[in-house]
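Asks: Structure below; questions to follow.
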Amino acid sequence: MTHDLPPTVHADSRELVESIYEAVDGVAAAYPRATFLKRAREKGDAAELWQALVDAGLLAIGVPESLGGAGGGLTGNTAVMEALARAGIPPLLYSLTSFSREAIIRYGSEQQINDHVLSTLSGERKICFGVTEPEAGTNSFALRTTAKKTDDGYRISGQKVFISGADQADHILLLARTAAPGEKLTRRTGFGLFIIDLSTPGITLNRLDIEWYAPENQYEIFFDDVAVGESALIGEDGLGFDYLLDSLNQERVTIAAWALGLGNVALEKAVVYAKERAPFGKPIGANQAVQHPLALAKAQMEAARHVMYAAAAGYDSGLDAGGQANMAKLLGSKAALAAVEAAIQTHGGSAFVYETDVVTLWPMIRILQIAPLNNESILNFIAERVLGLPRSS
Ligand SMILES: Cc1cc2nc3c(=O)[nH]c(=O)nc-3n(C[C@H](O)[C@H](O)[C@H](O)COP(=O)(O)OP(=O)(O)OC[C@H]3O[C@@H](n4cnc5c(N)ncnc54)[C@H](O)[C@@H]3O)c2cc1C
């Protein structure tokens, strides 16, 4: 069976991507969208979904075979996320864990890869991701969480916010300032990237009440003079911000997959409804005013999907995929938003009935215009780094 793969899925990866789609069909049968929504409404957790991913071997995708994973690179990660989102069950923690693993694979020691990457394959380790702070927001340079050097490690103090899945994860990948007060901060100085056990004394969690439909919750996390050993630091002290930026292209593409998968759910539902609903005796889908927004969203999603898989293929071949990865996130999130908007309009009042499960797609797609990085900042990147325009103030 083929899954309508765009030509930008590299020839070497097509078989793998097909097999990922089939594996996800099995996961979705065990954990359908209805369960996903039920757990979301209960403010529950995604433990069963995670276990289904482990059982299907999907957590091994994206970890190089040389390290004991199943390989597949970013193309593989993208396919896993896209297929899960197309099934209406995108696990946020998958995106966070696979992104965190990428930073550790690139810059961590052999021991850290063993402890924190390979242990994710069996589901034993789940990693959440802590960058955002209440005051600093998008401006990570302004973050205040500090990691002060001690004789045998660091002491961490500060606060993170909006940290997804912190209750389900056992570790957090944390960006903190290691610079002494007054020391200059740049991309290459003053920050450390840490992998920290969330059960370490001094860490407390406070759940936020976020209006969306996902089985993962968001948390404020407080670090009160938390002692961690040297082994918590990834790579070199000072370079944490640089490591983070270097690994972000992976995240951008995975987010595009998440958005586009959900956009596809919205569009498919709208097409079915537009063929059936006939308040004037003929299906509403026979009206071009109903057709055109759906057709436009389809075209926009198809274009974004091409860029997404091209970015993944570029990344996997070692090219600088920054431009395409950012474009994929921008175009994918916007196309998905166009799809869900058109789906809501097509469904009329029914879109707002919980059981119809249309408006329930909107908050997650809408948040992807803002998180993990807002689309304005993505446009800033494209303007400055791709077009070479002067840096905006
Ligand atoms: C459901 C959810 C899950 C999340 N999960 C995580 C997580 O797991 N880990 C984590 O670290 N963070 C997480 N976040 C945080 C998320 O990454 C931030 O919300 C996001 O980066 C934006 O930061 P902010 O909310 O402080 O917005 P602000 O920085 O206050 O920005 C507000 C708005 O201002 C505009 N803006 C900001 N900067 C610029 C600019 N440079 N140029 C032009 N316009 C700009 C944008 O429109 C932006 O939406 C999550 C957020 C949500 C809602």
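The values are calculated or read from the model by the stated rules, or taken from the named source; none is laboratory data. Keep in mind that what you see is a predicted model, and the values were worked out from it rather than measured. Accessible surface areas use protein heavy atoms only, side chains included; no ligands, DNA or RNA. Shrake-Rupley method; radii C 1.70, N 1.55, O 1.52, S 1.80 Å.
Asks: Quick one: pull the percent of accessible area on region 188-277 belonging to carbon and sulfur, 1.4 Å probe, ligands and nucleic acids left out.
Replies: That share works out to 47 percent.
Asks: Relative contact order of region 11-126: what whole-number percent is it, with Cα pairs under 8 angstrom and at least 6 residues apart?
Replies: That works out to 28 percent.
Asks: Holding the Cα-Cα limit at 27 Å, pick out from LYS184/LYS334; LYS43/LYS149; LYS43/LYS275; LYS43/LYS269 the pairs that are longer than that.
Replies: LYS184/LYS334; LYS43/LYS149; LYS43/LYS275
Asks: Right, something else. With just the Cα atoms defining each centre, how far is region 197-234 from region 324-373? Give it in Å.
Replies: Taking the Cα centre of region 324-373 as reference, the centre of region 197-234 is 28 Å away.
Asks: Also, quick follow-up: Please tell me the relative contact order of the chain in percent, rounded to the nearest whole number, where contacts are Cα pairs under 8 Å and at least six residues apart.
Replies: Worked out over the chain, it gives 16 percent.
Asks: Grab the DSSP H runs of the chain that are 4 residues or longer, score each as -39,500 (n - 2.57), total them, divide by all residues and round the 222 nm result to the nearest 500 deg cm²/dmol.
Replies: Taking each H run of at least 4 residues, the total per residue is -14500 deg cm²/dmol.
Asks: Taking only complete DSSP H runs, can you tell me which helices of the chain stretch 30 Å or more along their own long axis by Cα positions and average at least 0.0 on the Kyte-Doolittle scale?
Replies: TM-like helix candidates: 240-276, 288-316, 322-347.
Asks: Give the separation of the Cα centroids, region 8-58 to region 134-167, in Å.
Replies: Answer, in whole Å: 32.
Asks: Among ALA23, ALA311, ALA295, whose mean-square fluctuation peaks in a Gaussian network model of the chain (Cα, cutoff 10 Å)?
Replies: Maximum fluctuation in the GNM of the chain, among the listed residues, is at ALA295.
Asks: Next question, about the same structure. Determine ³J(HN,Hα), in whole Hz, for all residues of region 176-190 in sequence, where each value follows from phi through the Karplus function 6.51 cos²θ - 1.76 cosθ + 1.60 and θ = phi - 60°; x replaces Gly and Pro.
Replies: With the stated coefficients, region 176-190 comes to 9, 7, 10, 5, 5, x, x, 5, 5, 10, 9, 4, 10, 9, x Hz.
Asks: Another one. Put ASP170, ASP320 in order of accessible area, largest first, 1.4 Å probe: what do you get?
Replies: Solvent-accessible surface, decreasing: ASP320, ASP170.
Asks: Here's a follow-up. Report relative contact order for region 259-316 in percent, whole number only (criteria: Cα-Cα under 8 Å, sequence separation at least 6).
Replies: Relative CO of region 259-316 lands at 28 percent.
Asks: Identify which of GLY69, GLY182, GLY130 has the largest mean-square fluctuation in a Gaussian network model of the chain, with springs joining Cα atoms closer than 10 Å.
Replies: GLY182
Asks: Report, in cubic angstrom per residue, the convex hull volume of the C-alpha atoms of region 128-238.
Replies: With only Cα atoms used, region 128-238 gives 101 Å³ per residue.
Asks: Still on this model: Rolling a 1.4 angstrom probe over the protein heavy atoms, how many square angstrom per residue are accessible across the chain?
Replies: In whole numbers, the chain has 43 Å² accessible per residue.
Asks: Given 10 °C and 1.306 mPa s, how large is the Stokes-Einstein diffusion coefficient of the chain in µm²/s, with Rh as the Kirkwood radius over Cα pairs?
Replies: 74
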